[in-house]
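What follows is a set of notes on a single structure, which appears directly below.
Throughout, read-outs are computed from the coordinates displayed, never taken from laboratory work. Predicted model, so just to flag it, every value in this text is computed and none were measured. Every residue, glycine among them, receives a Cβ derived from its backbone with ideal geometry; neighbour counts consider all protein chains shown.
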Amino acid sequence: MQGRIWAVLLAGALVLGGCTGSPSVTAAGAGTETADPQTAAADPSESEWPAADESEPVASEATELSSDAPRDAGTRTAEDDDDAREAPAPKKRTLAAVGSDDTGADVEKVQRRLARFGFAPGPVDGAYGPRTAAAVKAFQMIAGLKRTGQANAKTVAALEGYESDVRLLEAGDKGRAVRKLQKRLAAAPFDPGPADGSYGTKTVEAVWALEKLAGVPVDGNWGPLDEHALARLEDGKIGTPKRKHKKRWVEFDLSQQVMKVYDPGEARPLLVSHASSGSGIPWQNEEHSGSSVTPPGDFAVSRRIDGWRESSLDIGRLYNPLYFNGGIAFHGALSVPLYPASHGCVRLPMHIAEYLPDELPNGTPVHVLR
C-alpha cells in the first residue's frame, strides 16, 4: 500500500515540477536548500512533499520563486541589496562657484585648491581679488576652458577633479630636483645661475622671466603652470620675435618687463631675462628732475662703461651699462623688482649684466615695444 502511494506522489511531482527529476533538484532550482541524501532515502511516508490535493498551490509557489520566472518591477531581492552596497556613492562636491568681489569660505576653498597646485592665487583669505582671478584664468588655460577669470560651475568642477604629478619647488629648496630644474632652464633661454641644486635668487629670477613671458601669475615657484609655460615656449607658441634682422638684436617688452635677445633665423630667443624699466613717477633732486619713463622705439647700443658708474644725475649706480637711447641703458642693479621701478633705464639681474656686454656689441639693434 505504501509503495502504491509513493508511486502516485512521485508521478505527480514529475508532472508538476517540469524538467526536474527529483525532489532534491527541484528544491535547489526553487532557491531552497538541497535535500540531504540520507533524508531522501528515508521512509516515503515521512516525506515533506504534499499530498496530491495540495500539489497545485505548491507548484504555483515554486513557479513564483524560480530564478527563471519574470519578477515584478517593484520586487526587491537580496541581489538588489548587494548591488546597492557595491555601487560607489557619488562624490560629494566641496567647491562652489564664486567670482569677482565674492568673499567667504567658498572663495577660500577655491584659493586653497589653486595654491595646492601652484597657481598663485595670493593670500588664502577668502577675498576674490585680482590675483585670485588671474590664478583662475591660468587654471582655465591649462584645463582648456574659456579664460574668464571667474570660478564658474565648469571651472570649479574641473579644479575639483584636477591632479598633477609635477613636483612643486620654491625658493629655499635644495637637492636633485632643483638641480634638474636649473639644467632645464639653462637649456631653455634662461639663466638660473650654476646648477648647484639650491633654489636661490638667480633661479627665482629665471622662473620669473618664464612666467612673465607666458603671461601667467608670477611667484617664482615651480609647478604645473610653469611646466605648461615651458612647453608652450618649446612649441614656439610664445617668445617669437616681433622684428627681424640679419644680426643679433634685442627686444624689450614694456608690458611683460622682459628683455629678449635673438639671433637671425631663430624663432626662439637666445636669452630671456627678468627686467624692470622706468616707473613713470616724476623725480627731482637738488640739481635735476625727470619723468622716469622708458620710451618705446627703435634704437641701437651706442656706448658702454665697464663696471660701476655713478649716474651723472645723482639718481643711483649702474653696473656695466649699455646705452641705447641717450642716457637710457641696460644695466645691472642690486634691486630688480617685479614692477617698473627705475628712473628710465632697464635694470637687469647682476649675474646677467656681468656677461651681457660681451654678447651685445655697439650697433646691436634694440627695440623697446609697448
Exercise for the section: Whole Å is fine, so just give me how far the alpha carbon centre of the range 280-321 lies from that of the range 101-120. Expected result: 42
Completion exercise
Rounded to one decimal in Å, the inverse mean reciprocal Cα-Cα distance for the range 105-161, i.e. its Kirkwood radius, is 10.8
Practice task
For the range 249-369, give the magnitude of the charge dipole about the Cα centre (Cβ charges: +1 Lys/Arg, -1 Asp/Glu; no others), in debye to the nearest 20.
Solution key: 100
Practice task
Could you run the Debye sum over the Cα atoms of the range 291-370, one equal point scatterer each and no solvent, and tell me log10 of I(q)/I(0) at q = 0.12, 0.14, 0.20 Å⁻¹, two decimals?
Solution key: -0.30, -0.41, -0.88
Exercise for the section: Have a look at the range 218-284 and give its Rg and Dmax from the Cα atoms, expressed in angstrom. Expected result: 14.4, 46
Problem - nm² value of the averaged projected area, convex hull over the Cα atoms of the range 101-219 - result: 7.6
Fill in the blank from the handout: Rounded to the nearest whole number, the Stokes-Einstein translational diffusion coefficient of the range 193-253 at 20 °C and 1.002 mPa s (Kirkwood radius, C-alpha pairs) in µm²/s is 164
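Using the Cα centre of the range 105-161 as the reference point, and only Cβ charges (+1 on K/R, -1 on D/E), how large is the resulting charge dipole? Debye, rounded to the nearest 20.
It comes to approximately 200 debye.
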Completion exercise
Mean 1/r over distinct Cα pairs of the range 253-332, inverted to a Kirkwood Rh in Å, yields 14.3
